[in-house]
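The values are calculated or read from the model by the stated rules, or taken from the named source; none is laboratory data. These figures come from a predicted structure and were not determined experimentally. Methodologically, a virtual Cβ is constructed for each residue, glycine included, from the backbone with ideal geometry; neighbour enumeration extends over all protein chains shown.
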Amino acid sequence: MTNAVNASMPFQNRFAQLPPQLFSEVLPTAVSNPQWIKFNEALATELGLDVALLNTPDAVGIFSGNAIPEAAKPLAMTYAGHQFGHWVPQLGDGRAVLLGDLQDTHGQYREIQLKGAGVTPYSRNGDGRAWLGPVLREYIVSEAMSALGVPTTRALAAVLTGDEVRREGAMPGAIITRVAKSHVRVGTFQYFIARNDLPAIEALMQHMINTCYPQLKDASNPAAALFSEVIGTQADLVAQWQSVGFIHGVMNTDNMAISGETIDYGPCAFLDEYDPKKVFSSIDQMGRYAYANQPAAAQWNLSNFAQALLPFIDDDKEVALTNAQALLDEFPQRYQAAYAQRMLAKIGISEQLSDDIELLTELLDLLAESKADFTLTFSHLTSLMPSAPKATIDTNQYYQPPGSLQAWVGKWQQRLEQLNTSSAQQLALMQQSNPALIPRNHRIEACIQSAVENNFEPFNDLVEALQQPYSPSERYEYLAQPPNEREVVTKTFCGT
Ligand code: AMP
Ligand code: MG
């Protein structure tokens, strides 16, 4: 690696300065023939990285773990977690290596991690690797979420390793470079409270405040303040998921980031037809993480986060418990408020009246009954606005509004007339809240299929199209279409 490349990645390694029990120092395992799949220039620029130096054949070594920047202090994080409700006392980064952190151009702390970088002390029986499919899926979906405005980890790079990984057969190995404000999870806190390691919890708490919640620096009770803040970020995060029809699929406590970013894209998927009971993940047989259960799952995870903070909320155990419970009890209202705001924006309503939730519920009920496409229905409603311009994407060829929608539209239009906002303002709100494009499962599957056959064009097109989900160009018309009967994806696999 040249001196210039080294100098261009000034890692600060603030996680590596925390108490040693929080991580294990570990180097990525070299791969045999790294090849570029994609480098995210826009994100690199935001991170203050030198695109001209990094988007080069030589730099592929950095993003495959073959070359370690001088300033990096690679490590794997320790954590535990509840998986589908069952306590697993020891998990940790089993195939991810944190290179270090950088300050981005906004002054925000950002961590750079290689996922699929080889075995670590936490790999258990795993090979520490990832195959191409989940790497592309995470790249597509995390970048799409970001463009949709949903807090998320990002994808800086994807590379092929040149090695095969054994899954259902031999698959091409790949590595994704993930960027997060912080990779600390609810499960990170759980690991240390289960061992009664209070110094570790205190260090984690301080670290989270320093890196993600600087507004809490002078809080009189940092633990309670942090808990309340995380309740708020999670309430809003899940409300945003619901509003775009995103199903995470594995909301285990080890897959919930304290930063409020969506993390760990496994068997995630977007709704095509609206169905509140929808589950895609093949491992979620009980529907624990179904679309409609996501808010409750978040609340359950937050109750586990609270457990770890109790000793710092108050010295008196009873008082700590009462205070934490009172904060947790606010979650349903805080979530409802965020959900109402995000969902009503989709129908042009910015000032909520008492009947508006009923209006919304009626709409969702009729969508569920008629199995209407979630995304296309809201695009259709947007197109009904009196001042709506002709859409660049004409969905009429493949979207038929359910017959039952007509009566509802009448009521909705009456309601819009009562608002203090102009029709142009209502339209603008709807346009900002209703994506024309989402990463549909059948498209992601098709991209993966092509990529396995060494054609990355569909992947590149999908990533490009999803950078403008609210106002896509005409040439991406085909990506707005829902799957036909043959294309529909009913199950997604963790596919680790
Ligand atoms: P996930 O289901 O991806 O959230 O992962 C759960 C746990 O399994 C985490 O501790 C991961 O690091 C670990 N893990 C997943 N896949 C692998 C793998 N191929 N090799 C080693 N560890 C893995
Ligand atoms: Mg995970």
S182 being in contact (Cβ under 8 Å) with a residue 60 or more places away in the chain, farther than 17 Å from A298 by Cβ and either among the polar types (S, T, N, Q) or surrounded by fewer than 24 Cβ atoms within 10 Å (Cβ to Cβ) (or both): yes
Helices (runs of 4 or more DSSP H) completely within the range 385-489 that count 2 or more residues being on the phi < 0 side of the Ramachandran plot and aromatic (F, W, Y): 405-418
Among the residues listed as V409, V452, the single one being without any contact (Cβ under 8 Å) to a residue 60 or more places away in the chain and among the β-branched types (V, I, T): V409
Odd one out for L344 among (1) buried (at least 18 other Cβ atoms within 10 Å of the Cβ); (2) within 26 Å of A200 (Cβ to Cβ); (3) free of Cβ contacts under 8 Å to residues at least 60 places away in the same chain: (2)
Test: residue in the range 57-80 that is among the small types (G, A, S) and in a strand (DSSP E or B): yes
Residues of the range 31-55 that turn out to be part of a loop (DSSP other than H, G, I, E, B), out of contact with any Lys or Arg (no Cβ under 7 Å at 6 or more places or on another chain) and over 22 Å from E457 (Cβ atoms), as a count: 5
Hits in the range 81-99 (condition: surrounded by fewer than 22 Cβ atoms within 10 Å (Cβ to Cβ) and in a strand (DSSP E or B)): H82, Q83, H86, W87, V88
Within the range 256-278, considering residues that are within 16 Å of ligand 1 (Cβ to nearest atom) and outside any loop (DSSP other than H, G, I, E, B), the one nearest to the chain's Cα centre (by Cα): T262
Total residues in the range 71-124, condition more than 16 Å from ligand 1 (Cβ to nearest atom) and not hydroxyl-bearing (S, T, Y): 14
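Quick grid of which residues meet (1) out of contact with any strand residue (DSSP E or B) (no Cβ under 9 Å at 6 or more places or on another chain); (2) in contact (Cβ under 8 Å) with a residue 40 or more places away in the chain; (3) among the charged types (D, E, K, R); (4) in a strand (DSSP E or B):
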| site | (1), (2), (3), (4) |
| --- | --- |
| F192 | yes, yes, no, no |
| I209 | yes, no, no, no |
| L226 | yes, yes, no, no |
| E229 | yes, no, yes, no |
| Q234 | yes, yes, no, no |
| D254 | no, yes, yes, no |
Extreme residue, surrounded by the most Cβ atoms within 10 Å (Cβ to Cβ), among residues of the range 282-329 that are among the aromatic types (F, W, Y) and part of a helix (DSSP H, G or I): F305
Qualifying residues in the range 235-270 (those that are away from ligand 2 (no atom under 16 Å from the Cβ) and aromatic (F, W, Y)) - the one farthest from G133 (Cα to Cα): W241
Residue in the range 107-128 that is closer than 12 Å to V26 by Cβ, in a strand (DSSP E or B), more than 16 Å from ligand 2 (Cβ to nearest atom) and at pLDDT 95 or above present: no
